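Down below is the structure, laid out as structure tokens.
The values are calculated or read from the model by the stated rules, or taken from the named source; none is laboratory data. Since the structure is predicted, the reported quantities are computational estimates derived from the model, not experimental observations. So basically every Cβ, Gly included, is an ideal-geometry build from the backbone, and we count neighbours across all protein chains shown. Surface accessibility is based on the protein's heavy atoms, side chains included, excluding ligands, DNA and RNA. Shrake-Rupley method; radii C 1.70, N 1.55, O 1.52, S 1.80 Å.
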Amino acid sequence: MTADWTQSLPEAFRAYQGEGRIEEVECIIPDLTGMSRGKSMPFYKFTPDSTFFLPVSLFYQTITGEYVDIADIPNQWTEMDIRLRPDMSTASAVPWADDKTLQVINDLEMRDGTPLAVAPRNVLKRVLAMYRAKGWEPIVAPELEFYLTKPNVDPNEPIEPPVGRTGRKGAGRQAYSMVAVDEYGPVIDTIYDYAEAQGLELDTLIQEGGAGQIEINLLHGDPLALADQVFYCKRAIREAALKNGTFATFMAKPMRDEPGSAMHIHQSVVDAKTGQNIFSNADGSASDAFLHFIGGSQKHLMSVLPLLAPYVNSYRRFTAGQSAPTNLEWGADNRTTGLRIPTSGPEARRVENRVIGIDCNPYLAIAASLACGYLGMVNATAPRPEVSGEVYAGEAELPDNLGDALDLFEGDTAVQEVLGAEFCTLFDAIKRAELEEFKREISPWERQHLLLNV
């Protein structure tokens, strides 16, 4: 018998379900990397009021799965359970599953009901609550860049572009080419099918500049809802690629001679009561809030770079001349700046953060970017003068490695207060451990050029 609560599931899921019976439910959470973890169960075991548990230690792991000892966490290895609370507004299909399957993102709580401070979704909620306390509602629109690649089953081998319908490998430098998009038609069609079944609101899809590089834009809206969509979308894209015999990768820089992949975020803020964009004055001119949002971004984005570029590979993307910013300057319709102001009318005035890599956790990247703008607005931080023309360097150039970025992250107490000190301590420890793991590796470049030549 169908439970009564299923009648309120989203229309997209009901269309996907059809006359079939829901067989399985996945209760999932985004971990620090932005990947899904959780529990799967038969449909009869689940209700929206169900309570499930996971050990908090899943947040103590690096990207390689190694556990990290964190001095500031008392009784770290007691394996305390945390409570999962299904957020039914996130209910969505799992269209690649063999059986009719429902997935639901869960909120995480301590045993006493307080939000788990280190959970990425809660970090974003914390920042959004600060905006609401000021009577503001931020609006975001993410752009997702990623690569389709030939399956890479040996990590020692370089990643290669996929083979398209013509039998040729994908070629770069074909930005906006419809022919290039058509090369991977079956994958694109499957992505669209999965997105429709999940109720994801895709805006546009284009071929980007890299070989096999695609960009998908999402419609603007509430930051938490958009972070959920990015979380779902990345999983769906991976599955769509696998279904068609290719890989989809969200590495920031998967191929040496191809451009990196970003997750640009368009940001604006509206008055919660009137719905008016506070970045514009009544006469259509740029407001102080707009300038201060930029000022805060310029002052603090450098400090939160580990949340926007979280891995050693992330910093390979920041290369002048390859559409990836190396600075935090701002300018109108200028893609060489870290902060671009797209051409728009006053009601759509916004700031595009072009620094963020697609390898980020969307909850943390959106939280960090909005936190910087928030600090600028509450502290009336003036921006540097607007720039014009090509600007690959600037007064504030981005660090070129994760270690230097973490040093800046540790020193910005204002950002840590907004994001939460407990989360920042944990995140910093995990990233330091990953950096040390990477330093122990010997790369193919070293073996090729140093083994017999030095």
Please enumerate, by chain and number, the lysines with C-alpha under 30 Å from the C-alpha of Lys273, excluding those fewer than 8 residues away in the same chain. Lys125, Lys134, Lys299
In debye to the nearest 20, how big a dipole does the chain give about its Cα centre with +1 on each Lys and Arg Cβ and -1 on each Asp and Glu Cβ? 240
Of the accessible area of segment 404-454, with the probe set at 1.4 angstrom, what percent is carbon plus sulfur? 55
Would you grab the residues whose amide H sits under 5 Å from the one on Ala262? Only those 5+ places off in sequence or on another chain, please, with H modelled 1.01 Å from N. Glu145, Ile358
Starting from 0.36 nm per residue, how many nanometres of slack lie between Val378 and Asp72 once their C-alpha separation is accounted for? 107.2 nm
In nm, the gap between the two label points placed 7 Å beyond Cα toward Cβ at Ala348 and Arg335 is 1.8
In whole angstrom, and with the biggest value first, how far do the Cα coordinates of segment 116-178 range along each principal axis? 56, 31, 17
Carbon/sulfur fraction of accessible area - segment 140-225, other protein chains in place, 1.4 Å, %: 51
Pairwise label distance in nanometres, Ala282 with Tyr192, each label 7 Å out on the Cα-Cβ vector: 4.6
Environment charge at Gly20 (Cβ cut-off 13 Å; Lys +1, Arg +1, Asp -1, Glu -1): -2
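Quick one: accessible area per residue over the chain, 1.4 Å probe, rounded to a whole number of Å²?
The answer is 45 Å² per residue.
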Consider the candidate values [x] -0.26, -0.92, -1.11; [y] -0.56, -1.14, -1.24; [z] -0.30, -0.87, -0.99; state which one is log10 I(q)/I(0) by the Debye sum over Cα atoms at q = 0.06, 0.11, 0.12 Å⁻¹ computed from the structure displayed. [x]
Length gained, Ser8-Thr47, 0.36 nm per residue minus C-alpha separation, equals 12.8 nm
Can you list the HN-Hα couplings for segment 156-164, worked out from phi with the Karplus curve (6.51, -1.76, 1.60; θ = phi - 60°), rounded to whole Hz and with x for Gly and Pro? 6, 9, x, 6, 10, x, x, 8, x
Rounded to the nearest 0.05, what FRET efficiency do Lys273 and Met35 have when you use their Cβ-Cβ distance and R0 = 41 Å? 0.60
Anchor Lys439: aspartates and glutamates whose Cα lies under 19 Å away (excluding residues fewer than 8 positions away in-chain): Glu66, Asp69, Asp400, Asp404, Asp407, Asp428
